[in-house]
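Note sheet for the following structure.
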Amino acid sequence: MNRLISSIGSSCLHLKSAGCASYEAPNMTSNSTNIDCEKQVKATQRRLFASCMAIAVLGLSFASPSATAGKRSSGSTVTLMQFQDMHGHLAPHAEIFPDGRKDPNSGGIAKVTTLIKQVRASNPNSLLLAVGDTTHGSAETTFSVGDAIMPALNALAIDAFLPGNWDFGYGPRVYRQRFVAGDFSTVLAPNNRTTMAYLDGRPGHEDQHCATPGGLNVTTYATCHVTKANFPTVAINLYNYNELTKKITGQTHPGYIVKDVGGVKVGIIGITSDVVPQQADAFNTGLKFTMGYKELPANIEAAKREGAQLIVVLSELGLAKNVQLVKEFPKINVMFSGHTHERTPEPIIIQRGPFGKNIGIVTEAGEDSFLGRLDVTVNYGYITSYKWKLMEADSSVPEDVAMKAIIDQERKTFVAGPDHTCHTFGTNAFPYGKGHVLCDPLETVVGHTNPSIERFNVLEEIANNVMVDAFLNLAQSIGETDSKGHSLTDDNSLSQTNGFRFDTVILGSDDGFSGDITVGDLYDYYPIGAAGALAEFTGGRLMDHWEGVLSNVFDPNPYRQRGGWFLGFTHNMHFDVEINNEFPRTITSGRIDNVTINGKNLDRSTTYTLASCYPHGNSIDEVCRTTGATNVRYIQGTEMTSGPADMFGHRPLEINGPWRTQPPANSADIFDPVRFANGGPLFLKVAPDNFAHPTDALRRYLATHTVNTVEHGLGRVVAVTGVPASEYGGAGIVQPTQGAGPDWLKRVFSIF
């Protein structure tokens, strides 16, 4: 009853006899966006009028303090900063901005810090909210399991942090040490210690002793740990999970926090990514993820009971899901969306409630070349004015001096100079001291591109085309045959990559820039430790997988969408796809009209060899998230015999080979929690020592191939009737929030 009276009473405050035309939101400033309620029907007015009369008679005697919590008038303006999808980018890099501007000196934490300080100076009543995928995505973070970025993050005074799917990319032990408050007992795995060992004795790690050979328990938290975050992490949909009993044992983080900002209480709720279980198995052992839908109502109400007047949700579910959540949960005032790397120069406004006066604001702020700023005024639990700005950290923005000093300290072992050293990324299931070795400074030039390349589009990108061509070129050059004894050719072999849609731009010579491709660029584009692999699939299995990927990207029900990109395919492949197919999920139809391999139609019964990547710790029937593989082999290189070596005496691989393949080192019970409980390893090693890393294949290919539009240009995937414009967010949104396909497959449920 209290909740009903409060809701109706709030509406009565603004109900005028003249109807919608004379409605005014309270305290709207001249530059504020007016809330339109012209579409409200007269029947709604009559019902509200009757309710108002009842309220007048009953008064507010039924309303308890908890019933009106979060509805107090403040009139104060709160500034919310959206710090999103940094992906480990410590230093400035190139960017292509929404207006088409190509800037060689953008992004990086020091530039973003300058913007943050500007915002705080203009309004001390502000919050810095970090939305996902922060500690992963560059060479510096890969070869430090994210530690290289932590001093910078801890210096920013972040008010709340939401983990993204890639923040789990170093495994749960690193994740728990770094982000779980009060966890000072988890020990690092041997492969994590391999990566961290170079930091022993360095500034900030003076008492660290990670360089300790042996198994899991040879170190303690005190002797070897990653840098702990000094900011709170929130996530309503992440749970601790017992792999033996298959039971959830509690929530990993608080679901929300409430911050008092200049007298306005702001409830900040986190929803982490729900796709982690579909990535490498090693990312999420001992953790359980949901979508957060069921958890939202209770967390919103709990925050309001603590006095929250403004409900802000940080979500790594992606723009489509987040827009739908705001439609269905009218108590969400602001949604800071992440994961899909979209850019919203104008905010997405969802009008809800009587007369549409209850608005929900959804924004997405790209990557580290941007900082989102949202100024909001709240009265009686509603946003009454707002202003959004997608701030650009371009070449006109100077790097903050103090932050640059922190970044330089963390990067000095990765760039040329007296402190440069070799680094080793200890891959999952590998023993201490083994892994993928990097010895070249990040600025080392390893290739050239004529066109400017990026990874932003939803269907195809030059960058992904180059990557898969490099994989296939390596596979076809090492004298391998398939299970029938046939040499690998363009008729029977192909490659695909996950088609990631993120990371830095490489400006090409066609646009007046150097066109240099550096070692650092390669790790920006492939910052994981996957092993090069060959595997055989039937054409039918591949076709079904590709259809599934397209359905994930363009499903009309946003809650079934996943990722935000199709795959990368090799030069000998061509796809005609019908994104808008009216029957995308039936047995007789799909979104793929036709696929050819070297000019011949793909045959569902023919076996093809796929050159791709293997995520260490997954079952051996899987490469590149495609299951059902047979005749799986792993590409092995040859270690250099001279030149610099890592602290374990290992060197990088010879780019020119020789290369060979090896069968799986283990082929059963790759993941076994029972074995682990009895003192054995949780994961078994599958790929060989000196496995070919994707960057090895790229360096080998780029040594003899210049990136150009003739060989690597767009056209391998053709959308016959185009990709539909997004229902929300404007022309700049590359993955339509409404998906594609028939209306009868859409989720139309909303509150108003």
For this session: Please determine, by comparing only the residues of segment 657-683 that are touching a Ser or Thr at 6+ places or on another chain (Cβ under 9 Å) and assigned to a loop (DSSP other than H, G, I, E, B), which one is surrounded by the most Cβ atoms within 10 Å (Cβ to Cβ).
Result: Trp659
Seminar exercise, completed: Among (1) assigned to a loop (DSSP other than H, G, I, E, B); (2) over 25 Å from the mean Cα position of the chain (by Cα); (3) surrounded by fewer than 15 Cβ atoms within 10 Å (Cβ to Cβ); (4) of a type in the set (A, V, I, L, M), Ala731 falls short only on (2)
For this session: From Ile271, Ile248, grab the single residue that is in the same structural domain as Ile332 (by TED's automatic domain parsing) and buried (at least 19 other Cβ atoms within 10 Å of the Cβ).
Result: Ile271
Seminar exercise, completed: If we keep only residues of segment 387-400 that are surrounded by fewer than 19 Cβ atoms within 10 Å (Cβ to Cβ) and in contact (Cβ under 8 Å) with a residue 12 or more places away in the chain, then the residue farthest from Gly108 (Cα to Cα) is Lys387
Problem set entry | Residue match in segment 452-462 (condition: surrounded by 22 or more Cβ atoms within 10 Å (Cβ to Cβ), over 30 Å from Ile579 (Cα atoms) and touching a Leu at 6+ places or on another chain (Cβ under 8 Å)) | no
Exercise. Cβ-Cβ below 6 Å, separation at least six or inter-chain, first residue in segment 620-637 and polar (S, T, N, Q), second in a loop (DSSP other than H, G, I, E, B) and surrounded by fewer than 21 Cβ atoms within 10 Å (Cβ to Cβ): which pairs?
Worked result: Thr627/Asp621; Asn631/Ser483; Gln636/Pro688
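Looking only at segment 581-636, count how many residues are assigned to a loop (DSSP other than H, G, I, E, B) and of a type in the set (Lys, Arg).
Residues that pass the stated criteria total 4.
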Problem set entry | Hey, Thr721 buried (at least 22 other Cβ atoms within 10 Å of the Cβ), assigned to a loop (DSSP other than H, G, I, E, B) and modelled with pLDDT of 90 or more or not | no
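Only one of Lys327, Lys294, Lys259 is closer than 29 Å to Phe554 by Cα, of a type in the set (Lys, Arg), crowded, with 18+ Cβ neighbours inside 10 Å and in the same structural domain as Ala160 (by TED's automatic domain parsing). Can you tell me which?
Working: Lys294 fails: crowded, with 18+ Cβ neighbours inside 10 Å; Lys259 fails: closer than 29 Å to Phe554 by Cα.
Among Lys327, Lys294, Lys259, only Lys327 is closer than 29 Å to Phe554 by Cα, of a type in the set (Lys, Arg), crowded, with 18+ Cβ neighbours inside 10 Å and in the same structural domain as Ala160 (by TED's automatic domain parsing).
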Exercise. Which strands (runs of 3 or more DSSP E) does segment 266-341 wholly contain that include 3 or more residues that are over 18 Å from the mean Cα position of the chain (by Cα) and either hydrophobic (A, V, I, L, M, F, W, C) or under 26 Å from Lys357 (Cα atoms) (or both)?
Worked result: 310-315
Exercise. Which ones in segment 625-642 are closer than 30 Å to Arg562 by Cβ and in contact with a Phe, Trp or Tyr (Cβ under 8 Å, 6 or more places away or on another chain)?
Worked result: Thr626, Gly628, Ala629, Thr630, Val632, Tyr634, Ile635
Exercise. What are the residues in segment 469-513 that are assigned to a helix (DSSP H, G or I), out of contact with any helix residue (DSSP H, G or I) (no Cβ under 6 Å at 6 or more places or on another chain) and within 20 Å of Gln662 (Cα to Cα), if any?
Worked result: Leu472, Ala475, Gln476, Ser477
For this session: Sort through Gly169, Gly132, Gly146, Gly164 and tell me the only one that's among the small types (Gly, Ala, Ser), touching a Phe, Trp or Tyr at 6+ places or on another chain (Cβ under 9 Å), more than 23 Å from Thr413 (Cβ to Cβ) and in contact (Cβ under 8 Å) with a residue 12 or more places away in the chain.
Result: Gly132
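Table: residues versus (1) crowded, with 23+ Cβ neighbours inside 10 Å; (2) assigned by TED's automatic domain parsing to the domain that holds Gly515; (3) under 19 Å from the mean Cα position of the chain (by Cα).
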position: Pro104; (1), (2), (3): no, no, no
position: Ala110; (1), (2), (3): yes, no, no
position: Thr113; (1), (2), (3): yes, no, no
position: Pro124; (1), (2), (3): no, no, no
position: Leu129; (1), (2), (3): yes, no, yes
position: Gly137; (1), (2), (3): yes, no, yes
position: Thr141; (1), (2), (3): yes, no, yes
position: Gly146; (1), (2), (3): yes, no, yes
Exercise. Residues in segment 178-186: is at least one farther than 22 Å from Ile269 by Cβ, assigned to a loop (DSSP other than H, G, I, E, B), small (Gly, Ala, Ser) and touching a residue at least 40 places away in the same chain (Cβ under 8 Å)?
Worked result: no
Problem set entry | Criterion (modelled with pLDDT of 95 or more, basic (Lys, Arg) and either surrounded by fewer than 16 Cβ atoms within 10 Å (Cβ to Cβ) or touching a Leu at 6+ places or on another chain (Cβ under 8 Å) (or both)) met by exactly one of Arg178, Arg173, Arg202 | Arg173
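The values are calculated or read from the model by the stated rules, or taken from the named source; none is laboratory data. Quick caveat: nothing in here was measured; it's all calculated off a predicted structure. Note: ideal-geometry Cβ built from the backbone for every residue, glycine included; neighbour counts use all protein chains shown.
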